[in-house]
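Computed from the coordinates by the stated procedures, all read-outs in this text should not be read as laboratory data. As the structure is a computational prediction, the values presented were derived from the model and not from experiment. Methodologically, a virtual Cβ is constructed for each residue, glycine included, from the backbone with ideal geometry; neighbour enumeration extends over all protein chains shown.
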Amino acid sequence: MNINQTVSSSVPTPESIWAILQETAKLQAENEQKRKENERILKEGFAEIRQMQKDFEQEKQKIWKEIGYLGRSQGSFAEEYFFNAFERGQQNFFGKKFDDIERNLKTRSKEQNEESDIILYNADTVAIIEVKFKVRQDHIAKLFKKAETFKILNPDYKDFKIYLGLASMIFPKNIERECLKKGIAVIKQVGEKVVIIDEGLKAY
């Protein structure tokens, strides 16, 4: 092969240029198809993720609703249990005989409102009983707040002695010790009986 033949063979021809353009167009079309396919896959993936998030959120709300219902049911059961125990003659409480008992007493003013689970009365003393299915540490502070609010919202009892009690189906030992230390009566279920521990009881 001579030099002239080599040079002439490397010069583009209309046919070679047309072939290159066709190949380029084919590659562009394939790339566009791949881009659209990837876009479709991404859209479907995001839609599936959104649906999964929606399903998860609905399931979570359902679970929380069921938990809330269960908590309310347990609380109602505990209130019924302890109220019936007091009403059946266990009103000899804190070393005193109480003449009357009320349940879910609601008192309110423009600034404050309060609800007490169980209230016991006699001529000079009021006992405020907070009932929980399982008592927690923060219930102690809430009970003291109830005592303060009760005297504010019920001025007829401002000179009465106020005794406090926490009643619970489940009573952790550390909270029981804390209640007795602060002069709060511990009321709990032991077997089929209601046990009242009121050593060191304080009037507020």
Name the long-range amide H neighbours of GLY183: under 5 Å, sequence gap of 5 or more, or other chain; modelled H, no Pro or chain starts.
none
Integer Hz, Karplus 6.51/-1.76/1.60 couplings in order for region 22-35, x for Gly and Pro
5, 5, 5, 4, 5, 5, 5, 5, 5, 5, 5, 5, 5, 4
Just in region 114-204: which GluC sites (Glu not before Pro) are loop by DSSP and have at most 10 other Cβ atoms within 10 Å?
GLU192, GLU199
Taking ASP198, ASP138 and counting other C-beta atoms within 10 Å, the order from fewest to most
ASP138, ASP198
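Suppose R0 equals 41 Å; then what is the FRET efficiency for ALA203 and PHE77 from their Cβ-Cβ distance, rounded to the nearest 0.05?
Working: r = 30 Å, r/R0 = 0.74.
Efficiency for this residue pair is about 0.85.
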If each of ARG40 and ASP124 carries a label point 7 Å out from its Cα toward its Cβ, how far apart are those two points in nm?
9.0
